[in-house]
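The values are calculated or read from the model by the stated rules, or taken from the named source; none is laboratory data. As the structure is a computational prediction, the values presented were derived from the model and not from experiment. All Cβ positions, even for glycine, are placed from backbone atoms using ideal geometry, and neighbour counts span all protein chains on display. Areas reflect the complete protein model, heavy atoms only, side chains present, ligands, DNA and RNA absent. Shrake-Rupley method; radii C 1.70, N 1.55, O 1.52, S 1.80 Å.
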Amino acid sequence: MARGARGRDAPGSLGAFHYVIVGGGAAGCVLANRLSAQPDVRVALVEAGGPDRHPLIHVPAGVAGLIGHPELDWRYSTAPQEAAADRRIALPRGRVLGGCTSTNGMVYFRGHPADYDAWAAAGCNGWGYSDVLPYFARSEGNSQFRDQPWHGADGPMRVSSYRRPNPLSRRFVEAGMSLGYPAVDDFNVGRPEGFGLRQATIRDGRRESTATAFLRPASNRPNLAVFTNALADRLVVEDGRVTGVRILQDNVAKVLTAECEVVLSAGAYGSPAILQRSGIGDATTLKGVGIEVAHHAPAVGGGLQDHLVAPVQMATDSALPYVVDWRVLPRLAGNLLEYALLRRGPLASNVFEATAFIRTSPDLPRPDVQLIFMPMHRAPTPLPRRRGFGILVALLRPRSRGSVRIASPDPAAAPIIDPRFLSDHADLPPLLKGLGVARRIFASGPFADLDATELLPGAESVDPNALADHVRRNCVTVHHPVGTCRMGPDADSVVDPTLRVRGLDGLRVVDASIMPTIIGGNTAAPVIMIAEKASDLILRAHRG
């Protein structure tokens, strides 16, 4: 895809870069494009995975086959979660150019405006909603809301609405309206609350990732080198300044030197792990794994937040859900042909077509629960082989906080990831209330003719203790980790509001790890926004 891939020394490698970006995911690809757009700025992008060539990546409905993929996923899991039945919970993360934007559900959602205003109120100047809105619009090429002032029409990232959502997705919206909730046409304007169909990063029936939208158009620039299958070992720190990155590519060690800055964009798990391997973190923790301390920064790896979900799963004999079985083989054959010829039909859908944002109490200032509708049976197999549908009840504003810490200096070793799900007792009641709303949705008129049976939690689970047990035994994450390199105005924060790492020169962090608090929804679009804003901060400093 670009110079420097798979072991070849890229032009200008080993010392001639202005900026070395570690992580070719949601943020890294954006930064590589925006920085290298300046012809006199030399940029290296380092990605542990390979090019985004796997066919499942580009077919939207192939998303289920990407989770846990042996080549495209880091295949992390949590430490045993004491408050979640001592289970280890899977934590999928993309290991490929485009990162999680090449493997995620393609949902485009910015979050609630109050999420960003809360960052600004906490001292992160320049990060209020009015400050970040132009950066959301700059990246967005919206085909439906192109005439709206709060959307972007000409940005590189295509955002679109699915043309033919599953009939059950529309029933979900109708059910919400029948219960008195408002309908939402656009979740990315105003104060999003209610039921509606979502937009997705899909271009002409194919996944739009930051690799396709940002990196591919820049791949032939002579001032950009992309190193794939290159594992970042550690940063090079000299006299309080980060001067480069040591990488391992095809079992060969290289040092890429950054004349201006190294930018960590390895995500909420990867960025703190690289910092810790480089001797940047809590001194006691680092010494415990045999790492010499370069800079004592206790907050590195702390503050982990993620969205926890609990399922309501229904079974039905209806043929309306997405399913793969012998009874619908003629329809499936037609779907395959339609997609092959026209890039349309169910294969062009990201499956998660409808959602709702609700408040579990009228006293709350913004929604605290999201209902994620699934027009299919949720199963561990990539293809739904049983007829069903369900709702994932998501806790939008968890109070539980966890951590990421390395287990050894080995860059190939997985970090110890402990989200401490449900460790704060305040996180359970909103989930229980959300389960109640989900059940009311499926008991309403739009779903009445489906004659569905509740599999989870199960009709017998009615009292709060039984529902709490269901949550603890069946909750999972929807893969939105943030907060492990927290941005803030205080000396204890990892990065300042310009995303520079406190106490060191020549180093920034640009990814979901810098979020002070988690936003109320999917994190891909916010991370792209963060990278867009960071590119301006970096280039402004470069020119200065």
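Could you pull out the residue among A10, A37, A5, A61 that is farther than 30 Å from I416 by Cα, at pLDDT below 95 and open to solvent by 10 Å² or more (accessible area, probe 1.4 Å)? Full working, then the answer.
On the way: A10 fails: open to solvent by 10 Å² or more (accessible area, probe 1.4 Å); A37 fails: at pLDDT below 95; A5 fails: farther than 30 Å from I416 by Cα.
From the options A10, A37, A5, A61, the qualifying one is A61.
When you scan the range 273-282, do you find a residue that is farther than 28 Å from A27 by Cα, modelled with pLDDT of 90 or more, out of contact with any Pro (no Cβ under 9 Å at 6 or more places or on another chain) and hydroxyl-bearing (S, T, Y), even just one?
Within the range 273-282, not a single residue is farther than 28 Å from A27 by Cα, modelled with pLDDT of 90 or more, out of contact with any Pro (no Cβ under 9 Å at 6 or more places or on another chain) and hydroxyl-bearing (S, T, Y).
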Restricting to the range 227-257, name every residue that is among the polar types (S, T, N, Q) and either on the phi > 0 side of the Ramachandran plot or part of a loop (DSSP other than H, G, I, E, B) (or both). T228, N229, N251
If I filter the range 31-51 for residues that are under 28 Å from V351 (Cα atoms) and hydrophobic (A, V, I, L, M, F, W, C), do I get at least one hit? no
Just a yes or no: is a residue in the range 295-309 touching an Asp or Glu at 6+ places or on another chain (Cβ under 6 Å), of a type outside the set (V, I, T), touching a residue at least 60 places away in the same chain (Cβ under 8 Å) and over 30 Å from S403 (Cα atoms)? no
List, please: which pairs have Cβ atoms under 7 Å, are six or more places apart or on different chains, and start with a residue in the range 423-435 that is open to solvent by less than 50 Å² (accessible area, probe 1.4 Å) and end with one that is hydroxyl-bearing (S, T, Y) and not in a helix (DSSP H, G or I)? S423/S400; D427/S400; P430/T360; G434/T360
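Suppose we filter R88, R146 for residues that are more than 20 Å from L537 (Cβ to Cβ), open to solvent by 30 Å² or more (accessible area, probe 1.4 Å) and in contact with a strand residue (DSSP E or B) (Cβ under 6 Å, 6 or more places away or on another chain); which single one remains?
Answer to the check: R88.
Where in the range 346-438 are there strands (runs of 3 or more DSSP E), lying wholly inside it, with at least 2 residues that are more than 21 Å from the chain's Cα centre (by Cα), under 30 Å from T284 (Cα atoms) and at pLDDT 95 or above? Working first, answer last.
Numbers: elements: 354-358, 369-374, 388-395, 402-405, 416-418.
Because the criterion is at least 2 residues that are more than 21 Å from the chain's Cα centre (by Cα), under 30 Å from T284 (Cα atoms) and at pLDDT 95 or above, no strands (runs of 3 or more DSSP E) in the range 346-438 meet it.
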Among residues of the range 133-182 being over 19 Å from the mean Cα position of the chain (by Cα) and in a strand (DSSP E or B), the residue modelled with the highest pLDDT is G141
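Would you say A438 is farther than 24 Å from I417 by Cα, free of Cβ contacts under 8 Å to residues at least 24 places away in the same chain and small (G, A, S)? Give the steps one after another, and end with the answer.
Numbers: farther than 24 Å from I417 by Cα: yes; free of Cβ contacts under 8 Å to residues at least 24 places away in the same chain: no; small (G, A, S): yes.
It is false that A438 is farther than 24 Å from I417 by Cα, free of Cβ contacts under 8 Å to residues at least 24 places away in the same chain and small (G, A, S).
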Can you pull out the residues in the range 292-331 that are under 28 Å from the mean Cα position of the chain (by Cα), open to solvent by 40 Å² or more (accessible area, probe 1.4 Å) and either modelled with pLDDT of 95 or more or among the basic types (K, R) (or both)? P298
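Scan the range 448-482 for residues that are at positive phi and either outside any loop (DSSP other than H, G, I, E, B) or touching a Pro at 6+ places or on another chain (Cβ under 6 Å) (or both) and report the count. Break it down into steps so the answer makes sense when it comes.
Step one: list which residues in the range 448-482 are at positive phi, which gives 451, 458, 479.
Now narrow it down to the ones that are either outside any loop (DSSP other than H, G, I, E, B) or touching a Pro at 6+ places or on another chain (Cβ under 6 Å) (or both): 479.
Qualifying residue count for the region: 1.
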Residue under evaluation L224, criteria (1) closer than 16 Å to I274 by Cβ; (2) surrounded by 14 or more Cβ atoms within 10 Å (Cβ to Cβ), criterion not met: (1)
Of the residues in the range 163-198, those that are open to solvent by 50 Å² or more (accessible area, probe 1.4 Å) and within 21 Å of W150 (Cβ to Cβ) number 6
Count of the range 258-288 residues which are open to solvent by less than 50 Å² (accessible area, probe 1.4 Å), assigned to a strand (DSSP E or B), in contact with a Phe, Trp or Tyr (Cβ under 8 Å, 6 or more places away or on another chain) and not aliphatic (A, V, I, L, M): 2
For the range 202-220, indicate whether the set of residues that are at positive phi, outside any strand (DSSP E or B) and open to solvent by 20 Å² or more (accessible area, probe 1.4 Å) is non-empty. yes
